[in-house]
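Here's the structure we're looking at; comments come further down.
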Amino acid sequence: MDAGNKILLIIGGGIAAYKSCELVRLIRKEGGEVTCVLTEGGAKFVTPMTLAALSENPVHTTLWDLKNEAEMGHIQLSREADLVVVCPATADLLAKMATGVADGLATTLLLATDKPVLAVPAMNVKMWEHPATQRNVAQLREDGIRVMQPDEGPMACGEFGPGRLPEPEAVMAAIRSFHAPDPLAGQPDFAPEAHRGLYGKHVLVTAGPTHEPIDPVRYIANRSSGKQGFAIAAAAAAAGARVTLVAGPVQLETPPGVDRVDVESAREMLAAVEAALPADIAIMVAAVADWRAADASGQKIKKDGSGEVPPLALAENPDILATLAKSQSRPRLLVGFAAETEHVVDHATAKRERKGADWIVANDVSGAKGQSVMGGDANTVHIVTASGVESLEPMPKPRVAAALIDRIAKEIANA
């Protein structure tokens, strides 16, 4: 986020409220300005003095502050911020936000603001899974409010499941995404409102090569850098999705807000993909090796001085895309990638039908062009669907990722 960004932080009641203190510290560390609104319930867990010391700003607790309300202070607070963050967002707060209740300072601010809102839920697992809460979350997302997916794990009440407040670093990553420039800003076919279709959806992405061992020091691989897959994972997270990235052996930083699983071989990647299901959308970008050594040696294979080349028997690797297409947990939208050296669109069209994918994203990796694509920073892709082929102009890989996520969001929103 840029220095000087103004965050209005609304702190709901619940044991997770203590994490808001760390969130204030992270915002300040990155140069942002934060003003805290503490609900009556939130004040049971953290004090105004603590938040004031961390934020270096007054903390607001009541609508009935005559000095401020003489100048309609609640309206001013709601309009001065660049982003409103509700953390933790309790079931009660989410319900009031969804139905437009304005019975206190926090809810009045939320109803009066004209700025983007990020809600970070925290509650008991049964409360989160209750149909009423899920209806409220769906309504908020339809209204354009970004609702993060809660973490899963043990809770203060002793139960286990989804409902834990995401860690402050993950919330901070979501805040950054609001202030990141849109890679397709100004493009006529870019519709930010379509990204609502990805809010809270689980997007599964694979990226990079796989390494198939021949012996402890040699392996079969390809030139894939993982850059395109990582860019797609980053774009999906920025669009509000919960992203699982299964990455082959690459030297790339994990994008903010992305859960990363590192693997090496094709069989390990398949296992990680299946473990990550169910997912709403799967984007299989990884350049998985088609073959592996049938019998990898446990020791380094040595020359024997005879000049004879040792035989290398190959076995076929599992087809992750085709396996996913036939899975009982098949994602709602399954997108594969195809790196081709000739007849790019024809081969991609045939691959889509053969593998059972919904879309295939194809690119030309022949000759010098292949070396500049696999490992390079730019790409030219063709999106092959049942309704036809859309060819995008050459562009940097982050823009390719943004274009693809934009189209996926529209597809999900319109489905």
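Please state, rounded to one decimal and in Å, the Kirkwood hydrodynamic radius that the range 6-179 gives when every pair of distinct Cα atoms enters the mean of 1/r. Write down the numbers at each step before the final one.
Working: mean 1/r = 0.0627 Å⁻¹.
Hydrodynamic radius (Kirkwood, Cα only) of the range 6-179 equals 16.0 Å.
If one takes the longest principal axis of the Cα atoms in the chain, at what angle in degrees, from 0 to 90 and to the nearest 10, does the Cα axis of helix 227-238 lie?
20 degrees
Normalised by the residues of the chain, what does the relative contact order come to in percent, with Cα pairs under 8 Å and at least six apart?
Values: 875 pairs, mean separation 49.4, N = 415.
The normalised contact order for the chain reaches 12 percent.
For the range 192-414, what's the radius of gyration and Dmax over Cα atoms, in angstrom?
Calculated on Cα positions, Rg and Dmax stand at 17.9, 67 Å.
Please give me, ordered by residue number, the trypsin sites (Lys or Arg not before Pro) of the range 288-336 that lie in loop per DSSP and have at most 15 other Cβ atoms within 10 Å. List each step's numbers first, then the result.
Values: sites: ARG292, LYS300, LYS302, LYS303, LYS326, ARG332; in loops: LYS300, LYS302, LYS303, ARG332.
Those that pass, being in a loop and sparsely packed, are LYS300, LYS302, LYS303, ARG332.
Pairs to check: LYS29/LYS227; LYS96/LYS227; LYS29/LYS410; LYS19/LYS126; LYS126/LYS227; LYS96/LYS326. Give those whose C-alpha atoms are more than 32 Å from each other in this structure. Before the final figure, lay out the partial values.
Numbers: LYS29/LYS227 28 Å; LYS96/LYS227 42 Å; LYS29/LYS410 35 Å; LYS19/LYS126 22 Å; LYS126/LYS227 39 Å; LYS96/LYS326 42 Å.
The pairs that break the limit, which is 32 Å between Cα atoms, are LYS96/LYS227; LYS29/LYS410; LYS126/LYS227; LYS96/LYS326.
If I take R0 = 56 Å and measure r between the Cβ atoms of ALA43 and ASP319 in this structure, what FRET efficiency does the formula 1/(1 + (r/R0)^6) give, to the nearest 0.05?
Details: r = 56 Å, r/R0 = 1.00.
Once rounded, the FRET efficiency stands at 0.50.
Positive end of the dipole of the chain, charges at C-beta (+1 Lys, Arg; -1 Asp, Glu), about the Cα centre: which of ALA403, THR108, PRO311 has its Cα farthest in that direction?
Sorting the options by dipole projection puts first PRO311.
Size of the dipole of the chain about the Cα centre, Lys and Arg at +1 and Asp and Glu at -1 on the beta carbon, nothing else charged, in debye to 20?
Values: 40 positive and 51 negative charges, 58 e Å.
Roughly 280 debye, rounded to the nearest 20.
Taking amide H positions as placed 1.01 Å from N in the peptide plane, with prolines and chain starts having none, which residues 5 or more places from ALA338, or on another chain, fall under 5 Å of its amide H?
VAL361, ALA362, ASN363
Size of the chain along its principal axes in angstrom, Cα-based, largest extent first?
92, 47, 40 Å, listed from the longest principal axis down.
Between ALA296 and SER387, how high is the FRET efficiency from 1/(1 + (r/R0)^6) when r is the Cβ-Cβ distance and R₀ = 51 Å? Nearest 0.05. It would help to have the intermediate numbers written out before the result.
Details: r = 44 Å, r/R0 = 0.85.
Between ALA296 and SER387 the formula returns 0.70.
Taking R0 as 30 Å, what's the FRET efficiency between SER327 and ARG135 from their Cβ-Cβ distance, rounded to 0.05? Provide the component values of the computation, followed by the final result.
Numbers: r = 29 Å, r/R0 = 0.97.
It comes out at approximately 0.55.
For the range 6-179, what is the percent of antiparallel DSSP beta bridges, rounded to the nearest 5?
20 percent
Can you tell me the length gained on complete extension of the stretch SER306 to GLU167, counting 0.36 nm per residue apart and subtracting the Cα distance? Before the final figure, lay out the partial values.
Details: separation 139, 0.36 × 139 = 50.04 nm, distance 6.01 nm.
Result: 44.0 nm gained on full extension.
Each reported figure results from applying straightforward, stated rules to the coordinates on display, with no laboratory input. All figures in this text were calculated on a predicted structure; none of them were measured in a lab. Cβ coordinates were reconstructed from backbone atoms using ideal geometry, including for glycine residues, and neighbour counts include every protein chain displayed.
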